[in-house]
């Protein structure tokens, strides 16, 4: 059986203090470091930090937070979820991650993407009309930097490179590099074309809907002559002592964040009925440890994936509740998942 990796993701959602007021971002960032330290102590495989540039998420420079985490942890792998490559310089992204990888003794990973938010485009002076071109060119250059010591490159979105070596160089084991994909067939094929790893962001609906993307990935690997690499899934969720407790604790914070984002994007209002449907049949991994473990196992077996990352912070839920979720995930959910997959526990 393929070895299964189980991790966590957060965007550094701005949380509430004991009085129900939003915490200042500096404290939120320190809390994220503490959450990652706990995850390491529990033996969780990975922590991913998402890059955003908006008032509800504190993490805009994930590599710096990851470096702080690296100094306080020993085994957990450290990465992004995602790095918005389209509005960054691939050379600087490479340098930051090669540095992080050295500091963390080879534990760094990167998940590259275009991001589901667009605030970084005007912030850094980019035109949304270049959305596809920016990502394609910058991904091409980043991959070249990963694999070539001297890079000669020319494109339309940044200055050319001529036999340029970029420092610090990666250690011989390189840097594990994923592309985050939200449901575009073209993006799946792009992953294979560049011979990288596929991370599916499943944030709504039954995970089985993504089986055609796994099939497309396998067919593209065969057509390009690539050896299939591990595939991962990122989905939101929350673990508590009971199913009812998990739903009641998450619901107001889920409604807050998705209601705000929905109003920005013109989505229908968030309803409790829709929330309950996502918990029961969709992409919300919410409940007691056994409930969440069984749902993760279902996704792993349905899609044949090797990695599952739970986005444990969803809205302004207090830090203490997030710590409780991480404890249950590490102490109970992960062992149950491994037991179920090994056949020692019935999965139905």
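Derivation of every value follows stated rules applied to the coordinates shown; laboratory data play no part. These numbers were taken from a predicted model, which means no experiment stands behind them. When we count neighbours, we look across all protein chains shown, and the Cβ atoms used for this are built from the backbone with ideal geometry, even at glycine.
Cut-off 10 angstrom, C-alpha nodes, Gaussian network model of the chain. Which of 85, 133, 29 fluctuates the most?
It is 133.
At residue 26 and residue 272, where each label point lies 7 Å from the Cα along Cα→Cβ, what is the point-to-point distance in nanometres?
Spacing of the two 7 Å Cα→Cβ label points: 4.0 nm.
Using per-residue counts of other Cβ atoms within 10 Å, averaged over each peptide, order 332-341, 137-146 from highest down. Mind showing how you got there, number by number?
On the way: 332-341: 19.4, 137-146: 21.1.
In decreasing order of mean packing, 332-341, 137-146 become 137-146, 332-341.
By how many nm would the segment from residue 338 to residue 280 grow when fully extended, if each residue of separation counts as 0.36 nm and the alpha-carbon distance is taken off?
Details: separation 58, 0.36 × 58 = 20.88 nm, distance 2.21 nm.
Fully extending the segment from residue 338 to residue 280 adds 18.7 nm.
Averaging sequence separations of C-alpha pairs under 8 Å and six or more residues apart, then dividing by the length of the chain, give the relative contact order as a whole percent.
Values: 629 pairs, mean separation 67.9, N = 348.
Answer for the chain is 20 percent.
Among 325, 221, which comes first, second and so on when ranked by fewest other beta-carbon atoms within 10 Å? Walk me through the numbers on the way to the answer.
On the way: 325 25, 221 17.
The most exposed by this proxy come first: 221, 325.
How many angstrom lie between the Cα centre of the stretch 72-118 and the Cα centre of the stretch 1-50?
Here the answer is 16 Å between Cα centres.
How many percent of DSSP beta bridges within the chain run antiparallel, rounded to 5? Intermediate values should be presented prior to the final figure.
Numbers: 4 of 40 bridges.
Percent antiparallel among DSSP bridges in the chain is about 10.
Could you state, as a whole-number percent, how many of the C-alpha pairs of the stretch 5-342 are farther apart than 33 Å? Kindly include the intermediate steps, with their values, before the conclusion.
Details: 13535 of 56953 pairs.
Roughly 24 percent, rounded to a whole number.
For a quick check, take a GNM of the chain with Cα springs below 10 Å and name the residue from 126, 11, 210 with the largest mean-square fluctuation.
Greatest mean-square fluctuation among the candidates belongs to 126.
Take the Cβ-Cβ distance between residue 18 and residue 173 as r, set R0 to 35 Å, and report the resulting FRET efficiency rounded to the nearest 0.05.
Details: r = 44 Å, r/R0 = 1.26.
For R0 = 35 Å, the calculated efficiency reads 0.20.
Report, in degrees rounded to the nearest 10, the 0 to 90 angle that the Cα long axis of helix 272-281 makes with the longest principal axis of the chain.
It works out to around 70 degrees.
Determine the distance separating the Cα centre of the stretch 128-191 from the Cα centre of the stretch 240-260; give it in Å without decimals.
After rounding, the separation between the Cα centres reads 38 Å.
To test your reading of the geometry: what angle, between 0 and 90 degrees and rounded to tens, separates the Cα axis of helix 289-303 from the longest principal axis of the chain?
Helix 289-303 sits roughly 40 degrees off the main axis of the chain.
For 73, 118, 152, 10, what's the fewest-to-most ordering of other Cβ within 10 Å of each Cβ?
Fewest-to-most Cβ neighbours within 10 Å comes out as 152, 118, 73, 10.
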